[in-house]
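Reading through the structure tokens given below for one structure.
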Amino acid sequence: MTKQWWKEAVIYQIYPRSFKDSNGDGIGDINGIISKLDYLKELGIDVIWLSPVYQSPNDDNGYDISDYRAIMDEFGTMADWEMLLDEMHKRGIKLIMDLVVNHSSDEHAWFMDSRKAKDNPYRDYYIWREGKDGKEPNNWESVFSGSAWEYDEATGEYFLHLFSKKQPDLNWENPKLRREVYDMMNYWLEKGIDGFRMDVINFISKVPELPDARIPEGKQYAPGGDYFMNGPRIHEFLQEMNKETVSQYDVMTVGEMPGASVEEAKLYTDENRHETNMVFQFEHVDLDAGPGGKWDLRPLKLADLRDNFTKWQKGLEEIGWNSLYLNNHDQPRMVSRFGNDKTYRVESAKMLATFLHTLKGTPYIYQGEELGMTNVRFDTIDDYRDIEILNMYREKVIENGEDVQKVMESIYVKGRDNARTPMQWDESEHAGFTTGTPWLKVNPNFKEINAKRATADSNSVFHYYRNLIQLRKQNPIMVYGSYDLILPDHEQIYAYVRRYEGQTLLVMLNFSSEKSVFELPTDVSYVDKKLFIHNYEVSDDESIEKIELKPYEARVYMLK
Ligand code: TEU
Ligand code: CA
């Protein structure tokens with residue numbers, strides 16, 4: 001287990017479209033980000049993960065790239081981007097860019113050529129197949145509803161798109177395509193970036209026969225994940241990519257890997273295998289989904305969350321490295337999902353922050369999480385913009401006549417636009433995000449929840465995050481300490497210890513809105529205790545043998 005800068009870092013994700021608009025067109029942009037770097041410096045973060053800013057028709061808000069080496073017009077120019085990188089590095093903040101190479105946009109020059117003719121030199125940059133019995137080549141479902149295949153009249157064949165039909169999958173079996181990707185990565189690495197977040201990177205190796213999958217009861221298409229997640233050549237491709245690109249720089253990579261298990265993540269993040277430094281896995285954000293997938297709501301149980309995090313903490317404790325997140329631009333807001341955004345918003349936001357920052361791994365902060373921003377409930381589907389939401393609504397309500405309120409409720413709980421409402425800067429119109437009309441409406445609670453109020457209030461979620469980040473820099477135990485669960489069966493409290501060089505961090509988190517009694521296990525011994533982090537007022541001399549924790553109370557003690 002070596003010491004690395006990216007293990008000690010706290011990483012902040014910016015979704016540029018919703019962060020800060022500088023020119024009044026209602027769309028966030030690069031100059032807007034530059035204007036907020038001092039805010040991020042004050043927060044204390046070390047790295048920014050910037051969601052895609054490349055040329056894109058924005059069918060999936062930049063995750064459909066039409067030119068990997070140009071900046072999206074709406075976000076600014078390459079000169080603006082160079083300025084951003086320079087201004088970040090001046091403040092000691094590193095930049096990791098989003099690498100989206102499982103698919104491109106259908107407006108990419110490669111695809112425009114590829115679809116022209118079967119013998120076009122770019123044909124095999126994508127995955128084309130003949131139909132079968134007058135239907136799609138197989139029965140896979142797109143993540144964004146419907147078939148994962150689109151018929152193309154010009155050449156009478158179908159192309160694969162695991163996401164929207166404007167996001168054709170790239171063919172990684174083609175060494176020429178792989179070379180193009182590596183050259184593009186080196187183009188950005190040469191500019192001085194500090195690494196990549198790699199979009200659905202464990203989807204790039206498909207089972208070559210692209211076989212049919214099992215269609216669940218009542219569905220028309222099949223989730224094909226068994227045949228494109230963690231596929232037969234994935235480790236070969238990641239090792240080749242590493243060798244051809246990032247291995248030549250002191251940079252980090254985090255691979256987004258839906259469907260990756262702990263065992264697979266150990267292979268992906270084992271430092272001796274030179275694949276990725278860490279992964280975003282999805283098991284904890286699938287715990288509140290039923291058999292019908294994310295929109296099939298299921299109550300989350302603390303026992304499931306605790307068991308899952310413990311599995312990952314122990315699984316990667318010696319080999320590999322965890323990324324730690326509870327939300328991002330694809331997930332609902334964490335205080336609404338895992339905390340309580342009604343009665344205990346501030347307390348539960350702080351408790352969840354304590355959780356993420358005292359586990360072993362690299363913590364990620366998604367823009368607005370540090371303010372305790374919440375989910376949103378727009379009145380009608382017309383206020384939503386996300387292609388995943390809109391496609392699901394059309395399929396369920398328009399095409400299959402499902403109950404509108406039931407579908408809207410699933411959007412309120414799980415929709416990606418929950419995380420994409422504009423960053424709330426102050427109490428002025430549109431929360432100070434734009435002087436124009438925002439591309440997506442601002443959450444109406446911005447007058448109460450905004451950065452200006454938070455930075456001025458020493459008791460805010462913002463300053464609680466600042467403190468956590470500072471403690472991390474001063475206490476290696478938070479980064480490198482071991483993890484051991486205690487109270488494995490408590491109904492409301494999640495408690496664990498971290499141990500490092502004779503120190504012990506005792507962490508107790510009340511995940512409920514009820515008072516809950518913590519009793520110190522007899523095998524946790526100490527001679528000296530010091531209150532380390534807490535989200536309620538606590539007197540230092542209070543005994544820790546038995547504590548009645550308040551709703552969503554978090555307490556951390558340093559024991560010796
Ligand atoms: O997400 C991959 C992915 O699987 C997510 O789409 C997630 O499963 C789903 O959104 C949960 O509802 C990446 C990007 O983060 C996402 O924004 C893109 O839409 C997607 O890939 C395609 O690039
Ligand atoms: Ca703008």
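The values are calculated or read from the model by the stated rules, or taken from the named source; none is laboratory data. No experiment lies behind these values; they were computed from the predicted model shown. Methodologically, a virtual Cβ is constructed for each residue, glycine included, from the backbone with ideal geometry; neighbour enumeration extends over all protein chains shown. Keep in mind that these areas ignore ligands, DNA and RNA; they rest on the heavy atoms of the full protein, side chains included. Shrake-Rupley method; radii C 1.70, N 1.55, O 1.52, S 1.80 Å.
So the values come out like this:
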item: Per-pair calculated FRET efficiency, R0 = 60 Å: V517 and D113 via Cβ, rounded to 0.05; result: 0.35
item: Full-extension gain in nm, D426 to Q474, via 0.36 nm per residue minus C-alpha separation; result: 14.1 nm
item: Rounded accessible area per residue of segment 109-160, 1.4 Å, Å²; result: 49 Å²
item: Overall dimensions of segment 75-115 as given by Cα atoms, namely Rg and Dmax in Å; result: 15.1, 45
item: Diffusion constant of the chain at 20 °C, which comes from Stokes-Einstein with the Kirkwood Cα-pair radius and 1.002 mPa s, µm²/s; result: 87 µm²/s
item: Heavy-atom accessible area per residue - segment 400-453, 1.4 Å, Å²; result: 43 Å²
item: Semi-axis lengths (Å, descending) of the ellipsoid that matches the C-alpha gyration tensor of segment 216-310; result: 30, 18, 10
item: Against the rule of thumb 2.2 N^0.38 Å, how large the Cα Rg of segment 109-160 comes out; result: 1.13
item: Pair Y500, K441: separation of 7 Å Cα→Cβ label points (nm); result: 4.5 nm
item: Value at 222 nm in deg cm²/dmol, rounded to 500, when DSSP H runs of n ≥ 4 in the chain each add -39,500 (n - 2.57); result: -7500 deg cm²/dmol
item: Per residue convex hull volume, Cα atoms of segment 1-108, in Å³; result: 110 Å³
item: Fraction in percent of alpha-carbon pairs per bin - 10 Å, segment 271-316; result: 23, 42, 25, 10
item: 10 Å binning of all Cα-Cα separations within segment 482-559, expressed as whole percents from 0 upward; result: 19, 58, 23, 1
item: Amide hydrogen neighbours beyond the local backbone of F532, cut-off 5 Å, H modeled; result: V556, Y557, M558
item: Compactness relative to 2.2 N^0.38 Å, alpha carbon Rg of segment 58-139; result: 1.53
item: Evaluated at q = 0.10, 0.19 Å⁻¹: base-10 log I(q)/I(0), Debye formula over Cα of segment 90-183; result: -0.30, -0.88
item: Translational diffusion of segment 206-261, µm² s⁻¹ [Kirkwood Rh, Cα pairs; Stokes-Einstein; 37 °C; 0.692 mPa s]; result: 240 µm²/s
item: Cα-derived Rg over Rh, computed across segment 402-484 with Rh taken as Kirkwood radius; result: 1.15
item: Length released on extending from D403 to E448, taking residue separation times 0.36 nm less the Cα-Cα span; result: 12.9 nm
item: Under the Karplus curve 6.51 cos²θ - 1.76 cosθ + 1.60, θ = phi - 60°, whole-Hz ³J(HN,Hα) for segment 347-360, x wherever Gly or Pro sits; result: 4, 6, 4, 5, 4, 5, 5, 4, 4, 5, 8, 10, 7, 8
item: Potential lengthening between N120 and K132 on full extension [0.36 nm per residue; Cα-Cα distance subtracted]; result: 2.0 nm
item: ³J(HN,Hα), Karplus 6.51/-1.76/1.60, whole Hz, each residue of segment 174-189, x for Gly, Pro; result: 8, x, 5, 5, 4, 4, 4, 5, 5, 4, 5, 4, 5, 4, 6, 5
item: Distant-in-sequence amide H partners of D67 (H built 1.01 Å from N, under 5 Å); result: Q55
item: Residues whose placed amide H lies under 5 Å from that of N375, excluding near-sequence neighbours; result: R333, S336
item: Percent of Cα pairs exceeding the 29 Å cut-off, where the set is segment 310-469; result: 26 percent
item: Whole-number D in µm²/s for segment 177-230 (Stokes-Einstein; Kirkwood sum over Cα pairs; 37 °C, 0.692 mPa s); result: 235 µm²/s
item: Computed E for A303/W5 - FRET, C-beta separation, R0 45 angstrom, nearest 0.05; result: 0.80
item: The chain - percent of accessible surface contributed by carbon and sulfur, probe 1.4 Å; result: 47 percent
item: Overall Cα dimensions of segment 29-76, principal axis frame, Å, largest first; result: 35, 18, 16
item: When each of K350/K529; K20/K515; K116/K396 is checked by Cα-Cα distance, pairs over 28 Å; result: K20/K515; K116/K396
item: In sequence order, calculated HN-Hα J values of segment 43-48 (Karplus, 6.51, -1.76, 1.60; Hz; x Gly/Pro); result: 4, x, 5, 10, 9, 10
